[in-house]
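All remarks here apply to the structure that follows.
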Amino acid sequence: RPGCRCRTGDIHVGYAEWTRAKDWTGLMGDAFFNEAETGLMCAERHLERAGYARFLEIRLMIEGDQLQTVLPPREDLIGNVNLPALHGGVLGSLLDVTASLALVYHAVLTNPPRLVNIDVDYLRTGRVLQTFGAAEVVRMGRRAANVRARLWQDDPERPIAVARAQFLLPQRGV
């Protein structure tokens with residue numbers, strides 16, 4: 001697995017004391033960083049670069065060995081004011097971001113994967129509550145990966161939306 005090489009000046013949430021490093025693994029040594037920390041740093045960097053994810057104010061958290069996304073409740077994300085319910089595009093985007101960040105986290109990708117296709121199933125109304133997302137990499141080859149993502153609000157066993165996404169992986173050394 002490739003290490004996460006960061007450019008000078010990259011800023012990582014939660015790693016402020018190590019910012020301005022030329023090279024994360026080279027500066028501190030491979031023994032200092034385990035794969036989860038390296039994957040988390042890559043995921044945070046990709047989240048910072050995604051403009052729509054910044055607009056949605058998506059945050060990351062680690063639960064066990066799984067990366068989770070968190071969407072805070074906001075009134076301006078309501079699509080149906082009669083229910084009120086979160087806009088379907090917001091939920092679809094959160095599923096896309098969750099799937100791609102899980103892939104970056106688990107595969108320790110320095111360059112973002114490219115979305116080829118995503119199928120979304122909306123199962124329940126997304127209320128204006130804190131929304132959580134998690135994803136698992138179902139299959140990963142040299143060129144492509146399949147990821148399954150889900151969103152929930154109160155209970156992880158009652159998802160409000162699920163997705164199946166296919167990604168094109170960046171080529172090694174690019």
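The values are calculated or read from the model by the stated rules, or taken from the named source; none is laboratory data. Predicted model, so just to flag it, every value in this text is computed and none were measured. All Cβ positions, even for glycine, are placed from backbone atoms using ideal geometry, and neighbour counts span all protein chains on display.
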Mind telling me which of the residues V137, V120, V108, V104 ends up being touching a helix residue (DSSP H, G or I) at 6+ places or on another chain (Cβ under 9 Å), surrounded by fewer than 22 Cβ atoms within 10 Å (Cβ to Cβ) and either modelled with pLDDT under 95 or at positive phi (or both)? V108
For segment 130-152, check the following and say yes or no: at least one residue is of a type in the set (A, V, I, L, M), closer than 24 Å to E57 by Cβ and more than 16 Å from the chain's Cα centre (by Cα). no
Can you tell me which of (1) in contact (Cβ under 8 Å) with a residue 60 or more places away in the chain; (2) surrounded by fewer than 20 Cβ atoms within 10 Å (Cβ to Cβ); (3) within 16 Å of P112 (Cα to Cα) is the one F167 doesn't meet? (2)
Between a first residue in segment 93-114 that is more than 12 Å from G133 (Cβ to Cβ) and a second residue that is polar (S, T, N, Q), which pairs have beta carbons less than 7 Å apart while being 6 or more apart in sequence or on different chains? V108/T38; P112/S100; P113/S100
